[in-house]
Every structure is written in structure tokens, then in C-alpha cells.
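Only one structure is covered here, and it is reproduced in the block below.
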Amino acid sequence: LRAAKDKQAIALTVQQGRDRKTLNVRMVPESTVFNARLVLQKTGLTVQELTPRLAQGMGLGGVAGLLISDVEPRSPAALAELKHGMVLTSADGGMLSDVVAFAKLLNGKKAGDKTRVELLIQIQRGAFIQLREAVVELKIR
């Protein structure tokens, strides 16, 4: 299966008692399943990876995390008062640097569970930008 990668399907025969079925399976990249769409479904957040270039442009220097680009109204994220431009830096104690890892963490949770999210909030006062750290409990749907 590993040698075939995602190029071709492999036939597997599965037998349970007298019943025998042949299944065609194919490996797919993790990001096919664990992606921004899953994050949106579970939380109401649209996120993107905070690249070094994007972080620099936002005045965040070496900050790593996930940038909130949109929040669905009346979603768990909206109820937690998360907003566009905030940066998620960790979830349940693990650093966040890519969407796949965050989606995997959320996929392991069921509706009603909570995840503890740490974030950075930019507050602009005139020409000055102040960074504040915050922690929220985000309910999973």
C-alpha cells in the first residue's frame, strides 16, 4: 500500500465468517481529511497558517500559529468571542503551527467537548500595537 502511494488503488479481501468482500483502498494525503474545512465544521473558525512572511507583515515577528481569517456568526468560536486577526498559538497545551495538526486534535473530540485555546490579540492604539495573550475554552460542535 505504501509503495502504491496515492497513484493506484489496492484490492484487499476481507473475510468475516463465510462472507468475503473485496475492497479497493488508496492512500490519500492527511490534508484531504484533516483540513480547514474540518476546523470550520467543528468550531466555526476559518484559519490559515501564519507564515513567517505574513507574521512579519502583521508586526508579529517570529510568532507561529494559526491566523483567524473569519468567524461564523453564532458558532462556538463566535460565542467564545474569537475575532478576525487573532492568532491561535496553542490548543490543549500543544503548539499550533499547521492546520492539519489542529484539525486532527479537533477530530478526536465529540460534540460538546471543549478545547483550551491560547491566542494572541493585537490591539492598536494610534501608531502603537500592543499584543495581549488570552485563553479561551472553545466548545466543539
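The values are calculated or read from the model by the stated rules, or taken from the named source; none is laboratory data. Just so it is clear, the structure is predicted and the values come from calculations on it, not from any experiment. Here the Cβ is made from the backbone with ideal geometry for all residues, glycine too, and neighbour counts use every protein chain on show. Side chains included, ligands, DNA and RNA excluded: accessible areas come from the protein's heavy atoms. Shrake-Rupley method; radii C 1.70, N 1.55, O 1.52, S 1.80 Å.
Observations
- For a modelled paramagnetic label at GLN124, 7 Å from Cα along Cα-to-Cβ, the residues of segment 32-67 in reach, with backbone nitrogen under 17 Å, are 54-61.
- Between LYS114 and ASP98, the simple label model (points 7 Å from Cα in the Cβ direction) yields a spacing of 3.0 nm.
- Counting only protein heavy atoms and using a 1.4 Å probe, the accessible area of ARG26 comes to about 130 Å².
- Total charge dipole magnitude, the chain, about the Cα centre, Cβ charges on Lys, Arg, Asp, Glu only, Debye to nearest 20: 640 debye
- For MET86, nonlocal amide neighbours, meaning residues 5 or more places apart or on other chains whose placed amide H falls under 5 Å from its own, are ILE68.
- Residue-averaged [θ]222 nm for the chain, counting only DSSP H segments that reach four residues, each worth -39500 (n - 2.57): -4500 deg cm²/dmol
- Segment 21-141, relative contact order [Cα under 8 Å, separation at least 6], %: 25 percent
- Normalising the average separation of contacting C-alpha pairs (under 8 angstrom, six or more residues apart) by the number of residues puts the relative contact order of segment 39-89 at 37 percent.
- For the pair ARG53 and GLU30 in one chain, pulling the backbone fully straight at 0.36 nm per residue adds 5.8 nm over the alpha carbon distance.
- Close lysine pairs were tallied over the chain: pairs 8 or more places apart or on different chains with Cα atoms under 22 Å apart number 14.
- Considering all different alpha carbon pairs of segment 1-135, the Kirkwood hydrodynamic radius works out to 17.2 Å.
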